[in-house]
Amino acid sequence: MEHVDAMVLRTLAQWRGEGRRAMLVTVVRTWGSSPRPVGSVMALREDGAVVGSVSGGCIEDDLIHRHTRGGAWPAGLPHLLTYGVSADEAHRFGLPCGGTLELLLEPDPDTALLGALVQALDAGRLMRRSVRLGDGRVTQTETQAPQALATADEVVNTFGPAHRLLLIGAGALAECLATMALFSGFTVTVCDPREEYAGHWGVAGARLVRGMPDDVVLDFKADARSAVVALTHDPKLDDLALLEALQSPAFYVGAIGSRRNDAARRARLTEHFGVDAATLARLRGPVGLYIGSRTPPEIAVSIMAELLAVKNGVALPAKLSVREAKERLAPSAEDIATAPLAEAA
């Protein structure tokens, strides 16, 4: 599944290339609660076709009615539009708790610039797009860090390639986690040199590679938009992959297993590979949030929830981690709760 921003821009570029009138709509400010974060985008075609979203659907409906069914397609410079100033408007447009949303509307953006932006994203580049409100001038440059802001003079948004996930191991848990990650907009790569697992891989859209995990991690070239999760329970596969991943800028590095297996893994990385405490602290393990998971789909939900929280900059309470939650359980309860994880160890 393609990352939603890239899908919106690609579709918009296609519409404009076909000579269709279309509009790019961007969330530039929010006050209170809002359905979509700053930087969210959608494209609206002159006949009412929509891709992407800026709300739960009510604002999209209003924009369609206002600019297509009403026959008032906007022209001229980009301009700002605010929803939800009054309690009635907030209720009408589905903005919770009286939230307010400010949008940038760009009628008929330049086709060539859109095409260049899509090409840059396809090449894996992080792009800064600035729209000057006074004259509508659009500037697109490569950048190193995401940014989304609005001033009285310009609106800046950052578009980048999809976040990437590398899974070590191609078992049932990897199939569930890969599927969830694809639906969450990640590009997914799965590494498993074992014929008995890789030979039965069946998740469409997730690329399978057969090299040794440490080599694959190096080739993967993890960056700040990448995550690596080890799922095999086999130290020969997981340890070297984690060793390389921990040296990378990946925003999330984790490994499945019980607390006992996790402690043994950390000891091996320290004693045999000289991993220091600061680097080892980046390793999330046992990976995931504690939700009493017992089956591969449930464990995948646990892992994906933690991964998304870290990606979105949410500071999770330590008590939600698998490690701390299990430390509060009686030994007998822990044995039951970790049974699906321990069976493959």
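For the reader, a short list of remarks on this structure follows.
- Among the candidates Thr187, Thr158, residue that is farther than 22 Å from Arg265 by Cβ, polar (S, T, N, Q) and in contact with a Gly (Cβ under 8 Å, 6 or more places away or on another chain): Thr158
- Filter result for Arg125 (basic (Lys, Arg) and closer than 17 Å to Leu242 by Cβ): no
- A Cβ distance below 6 Å, combined with a sequence gap of six or more or placement on separate chains, defines the contacts here; from the stretch 213-229, residues that are basic (Lys, Arg) reach residues that are outside any strand (DSSP E or B) and open to solvent by 10 Å² or more (accessible area, probe 1.4 Å) in the pairs Arg225/His163.
- Residues of the stretch 30-51 classified as over 17 Å from Asp5 (Cα atoms) and either open to solvent by 30 Å² or more (accessible area, probe 1.4 Å) or in contact (Cβ under 8 Å) with a residue 40 or more places away in the chain (or both), total: 7
- Flag if Gly17 is more than 16 Å from the chain's Cα centre (by Cα), in contact (Cβ under 8 Å) with a residue 60 or more places away in the chain and open to solvent by 40 Å² or more (accessible area, probe 1.4 Å): yes
Quick grid of which residues meet (1) closer than 18 Å to Ala325 by Cα; (2) open to solvent by less than 30 Å² (accessible area, probe 1.4 Å); (3) not in a loop (DSSP other than H, G, I, E, B):
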residue: Gly257; (1), (2), (3): yes, yes, no
residue: Asn261; (1), (2), (3): yes, no, yes
residue: Ala267; (1), (2), (3): no, no, yes
residue: Pro286; (1), (2), (3): yes, yes, no
residue: Pro297; (1), (2), (3): no, no, yes
residue: Ala305; (1), (2), (3): yes, no, yes
residue: Val310; (1), (2), (3): no, no, yes
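- Only a single criterion out of (1) surrounded by fewer than 18 Cβ atoms within 10 Å (Cβ to Cβ); (2) closer than 14 Å to Val229 by Cβ; (3) of a type in the set (Val, Ile, Thr) is not satisfied by Ile291, namely (2).
- When restricted to residues that are assigned to a strand (DSSP E or B) and either within 14 Å of Asn261 (Cβ to Cβ) or open to solvent by 10 Å² or more (accessible area, probe 1.4 Å) (or both), the stretch 226-247 contains 1.
- Which numbered condition Val275 fails, given (1) of a type outside the set (Ser, Thr, Tyr); (2) modelled with pLDDT of 85 or more; (3) closer than 24 Å to Ala172 by Cα: (3)
- Count of the stretch 86-118 residues which are closer than 16 Å to Asp62 by Cβ, surrounded by 14 or more Cβ atoms within 10 Å (Cβ to Cβ) and at pLDDT below 90: 9
- Taking residues in the stretch 268-280 that are within 19 Å of Tyr252 (Cβ to Cβ), and partners anywhere that are of a type in the set (D, E, K, R), the pairs with Cβ atoms closer than 7 Å and at least 6 places apart or on different chains are Leu269/Asp239; Leu280/Arg266.
- Of all residues making up the stretch 157-185, the number that are in contact with a Pro (Cβ under 7 Å, 6 or more places away or on another chain) and hydrophobic (A, V, I, L, M, F, W, C): 4
- Residue within the stretch 192-201 that is in a helix (DSSP H, G or I), at pLDDT below 90 and small (Gly, Ala, Ser) present: yes
- Scan of the stretch 214-240 for residues that are farther than 19 Å from Val287 by Cα and among the acidic types (Asp, Glu), ordered by number: Asp214, Asp215, Asp219, Asp223
- Considering only residues in the stretch 121-158 that are surrounded by 14 or more Cβ atoms within 10 Å (Cβ to Cβ) and among the β-branched types (Val, Ile, Thr), the one that is farthest from Gly76 (Cα to Cα) turns out to be Thr143.
- Of all residues in the stretch 52-66, those being surrounded by 19 or more Cβ atoms within 10 Å (Cβ to Cβ) and either touching a Pro at 6+ places or on another chain (Cβ under 6 Å) or under 20 Å from Gly17 (Cβ atoms) (or both) number 2.
- For Glu324: the one exception among (1) surrounded by fewer than 15 Cβ atoms within 10 Å (Cβ to Cβ); (2) modelled with pLDDT of 90 or more; (3) in a helix (DSSP H, G or I); (4) not aromatic (Phe, Trp, Tyr): (2)
The values are calculated or read from the model by the stated rules, or taken from the named source; none is laboratory data. Being a predicted model, the structure only gives us computed values, none of them experimental. Please note: Cβ atoms are built from the backbone with ideal geometry, for glycine as well, and neighbour counts cover all protein chains shown. For accessibility, only protein heavy atoms count, side chains too; no ligands or nucleic acids. Shrake-Rupley method; radii C 1.70, N 1.55, O 1.52, S 1.80 Å.
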